[in-house]
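Worksheet: the structure to be examined is printed underneath.
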There are 2 protein chains.
Amino acid sequence: MIKVSIVGTGNLSHHLIQSISKAEGIGVLEVISSRIRSFKEILAPTRQDHGVQKHEFPDIYILTVSDDAIASVSEIFKKTKRLVVHTSGSVPMDSLPKEIRKGVFYPLQTFSKKTKVDFKEVPLCIEAENNEDLHLLRKLAEKLSNNVIEVSTEKRARLHLAAVFVNNFTNHLYEIGAEICKDQDLPFSLLEPLIVETANKIKNLSPLEAQTGPARRNDLATIRSHMELLEDSDRKEIYSQLSKSIRKTYGKKL
Amino acid sequence: MIKVSIVGTGNLSHHLIQSISKAEGIGVLEVISSRIRSFKEILAPTRQDHGVQKHEFPDIYILTVSDDAIASVSEIFKKTKRLVVHTSGSVPMDSLPKEIRKGVFYPLQTFSKKTKVDFKEVPLCIEAENNEDLHLLRKLAEKLSNNVIEVSTEKRARLHLAAVFVNNFTNHLYEIGAEICKDQDLPFSLLEPLIVETANKIKNLSPLEAQTGPARRNDLATIRSHMELLEDSDRKEIYSQLSKSIRKTYGKKL
């Protein structure tokens, strides 16, 4: 039985608790507020040990706090002998205090309270300072997901960067699409099947093969008329920049 | 029974034929090559009419040819008395010859031969010059999809522009993500669950609510370190431009 305590009560914490409750051989000992100020505040549950009440500690502390809180919150765990991992894509493992057994447990997914996520499908990127801790972390991760991979701090930073492109920036393109619909009194839901199909397509085709559209076929007339329809200068810039990049990709590769 | 003839044999033609074969009260009379040069080449099937063989013509010709072929191909149908519609998002209805009964039947979806599409969910944007033809087109469209909407040429152009943002440009962001993974010897499939979830999220949340990431929370340190990781100047530009636009959206709205 692997026992974990989770620090933080946000979206990831919520989904992690749900997922652990369904998994076997793993349990949540405690959920600790991210506003914790000292280790003494942790009300570790007690257990009987030869008639003596003893505090019970987890095998792993999982910090689900925000990136900028990782350094300060992890300081509090400086004296524990347990493994402490953070869950951030962009924060180096070494930003955890040098005194502790440290690691990273980065779920490559976007979490919000309103949507259900199948944790079994979430890629879990793990990293630890030594083999023993990596082994423990892998054991934990494999109980939760079918997709566990060891990723170094350097590679994780780049993976996180790729995630920003396909998640954050993509969502902003959806937002631009929604604004264009709104300006025309058309429901944004019209774009929904297209958005979902665009995402699903990459299960069968690489993005390089799946690319279509005016820039892909170098259709300068349509590009020009789209540029005229766009009034906002930022949107014009985005349209022009992305079209240029697509044309370059296919000019180069085909 | 509505009879249609489909001009063109590409992806849309393929999916349209599949969908019509499953629908009731509608049938494909003929599939005509987009390389047709004159109306005489159309081998309209014959039927017996009081002992005389007569050619049978459809109620609607649906042109699924590429945007730049619409003008020339539709010329061939100048003398027909049947309704002729094109299927393009960006071509005005009036680019069809003035002599004919004309309309537009624009399915707002991306089609490829490898992937199945549930036509019932595809938004069909229809337009026609007169009410009678619009009625006929609506009857046809409603047999194929649960999502039929009348959209003028002007609005359709903007809807197509929105589609370029959420489909073509999004796919290019996937491509950038794939390249970053490749550079790190990481499988692109790691990003797949995130890509699919990002798309599915907008069923429950507006893109404005769903936005996360460094630019959304104005995390300049992460933005700076991402900019340093990007070596390619086009990608740098795209990152910077989209981040600026996200920051502006939330600086303005919140």
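Computed from the coordinates by the stated procedures, all read-outs in this text should not be read as laboratory data. On a predicted model such as this, the values are computed, not experimentally measured, just so you know. Neighbour counts run over all protein chains shown; Cβ positions are idealised from the backbone, glycine included.
Details
- Plainly put, the tip 7 Å out from Cα toward Cβ on B:Gln53 is 10.2 nm from that tip on each other copy, the closest given first.
- Convex hull of Cα atoms in the protein assembly as shown, direction-averaged projection (nm²): 28.1
- C-alpha long axis of helix A:131-144 to longest principal axis of chain A, angle in °: 70
- Closest-to-axis residue of chain A (Cβ criterion, axis taking A to B), whole Å: A:Ala199, 2
- Calculated over segment A:44-113, the projected area of the Cα convex hull averaged across directions stands at 6.0 nm².
- Calculated label separations, A:Glu121, copies of the chain, 7 Å along the beta-carbon direction, nm: 1.2
- Averaging 1/r over each pair of different alpha-carbon atoms in segment B:126-186 and inverting the result gives 14.5 Å, the Kirkwood hydrodynamic radius.
- Pair-distance profile P(r), taking every C-alpha pair of chain A, with 5 angstrom steps and integer %: 1, 5, 10, 14, 15, 12, 10, 8, 8, 7, 5, 3, 1, 1, 0, 0, 0
- Mean residue ellipticity (222 nm) of chain B, computed from DSSP H runs ≥ 4 via -39,500 (n - 2.57), nearest 500: -12500 deg cm²/dmol
- Debye intensity ratio I(q)/I(0), log10, segment B:156-249, q values 0.11, 0.14, 0.17, 0.24 Å⁻¹ (C-alpha model): -0.38, -0.63, -0.95, -1.55
- Rounded to the nearest whole angstrom, the semi-axes of the ellipsoid equivalent to segment A:83-139, taken from the Cα gyration tensor as √(5λ), stand at 24, 13, 8, largest first.
- Rounded to 10°, Cα long-axis angle of helix B:170-183 versus longest principal axis of chain B: 50
- Quotient of C-alpha Rg and 2.2 N^0.38 Å, computed over segment A:2-151: 1.00
- C-alpha long axis of helix A:233-253 to longest principal axis of chain A, angle in °: 90
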